[in-house]
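Everything below concerns the one structure shown next.
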Amino acid sequence: MSDFIDLIGSFVVGSIVILIVANMNITINTAAAENLYSGVLQRNVTSTTDLIEHDLYKIGYRITGNKISVADSNQVKFWSDIDNDGTSDEIHYFCGDTTSLNGTTNPDDYLLMRIQNNQKPGTSISVVDFKVTYFDSLAKEIDYKSLVSQSSRDRIRSLRVRIKCETDGYVDDHFEAVEWEKTIKPKNI
């Protein structure tokens with residue numbers, strides 16, 4: 001009888017150890033997937049934000065007329081000699097809508113697009129939030145409603161850009177997210 005109790009006890013303890021090891025394996029796999037998706041997302045965001053920073057710092061570079069032609073919460077269009085070739089380039093950052101990305105399971109993502117000189121979008125990234133805030137020379141926020149006139153847009157001296165990206169699919173039971181925010185003070189406006 002005692003051998004039978006020892007056998008059942010060994011079976012119970014062995015089962016508990018197997019469950020602990022299996023749970024640890026699942027936890028490690030989940031953490032590895034989160035790190036993988038987060039790393040890929042961070043690399044995509046970093047390359048995009050490097051381009052955005054480069055472009056926004058050059059607003060008005062070698063431009064004598066109007067430098068910013070559209071200034072809104074989710075788009076900015078400006079002039080610059082972006083490629084330093086002596087000709088003016090028009091750069092337009094704007095958001096698509098959530099229906100423009102139909103291959104993802106994330107219902108909130110849409111494309112942030114960059115168009116240079118009215119050509120096909122050369123760069124786009126999937127984002128869930130893109131917001132541009134504008135400031136005057138006293139670092140006071142400029143209301144979007146007043147930015148419809150060129151004279152109001154000429155008051156812009158700095159921009160704060162905020163981007164939030166999420167994975168296009170669930171990782172565990174959520175979307176992995178990366179956020180970036182920076183205030184940029186172009187020299188030429």
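For this structure, a couple of remarks:
- Bridgeable aspartates and glutamates around Lys145 (alpha carbons under 17 Å apart, same-chain partners fewer than 8 residues away excluded): Asp72, Asp136, Asp154.
- Likely footprinting exposure, Trp180, Trp79, fewest C-beta neighbours within 10 Å first: Trp180, Trp79
- Taking Thr98, Thr133, Thr87 in turn, the Gaussian network model of the chain (Cα-Cα springs below 10 Å) assigns the largest fluctuation to Thr87.
- Within a Gaussian network of the chain (alpha carbon springs, distance under 10 Å), most fluctuating of Val178, Val128, Val12: Val12
- Rel. contact order, % - alpha carbon contacts under 8 angstrom, at least six apart, the chain: 20
- Sorted fewest first by neighbouring Cβ atoms within 10 angstrom, Glu176, Glu34 come out as Glu34, Glu176.
- When Met1, Met24, Met113 are sorted by how many other C-beta atoms sit within 10 angstrom of their C-beta, beginning with the fewest, the order is Met1, Met24, Met113.
- For the chain, the dipole from Cβ point charges (+1 on Lys and Arg, -1 on Asp and Glu) about the Cα centre works out to 1280 debye, to the nearest 20.
- Simple spin-label estimate for Asn84 and Asp172 in nanometres, 7 Å along Cα-Cβ: 4.5
- Look at the dipole of the chain built from charges on Cβ: of Asn102, Phe78, Val40, the Cα furthest out on the positive end belongs to Phe78.
Every number here is computed from the coordinates shown, using simple stated rules; none is lab data. Because the structure is a prediction, the values reported are computed rather than measured. As a convention, Cβ positions derive from the backbone with ideal geometry for all residues, glycine included, and neighbour counts pool all protein chains shown.
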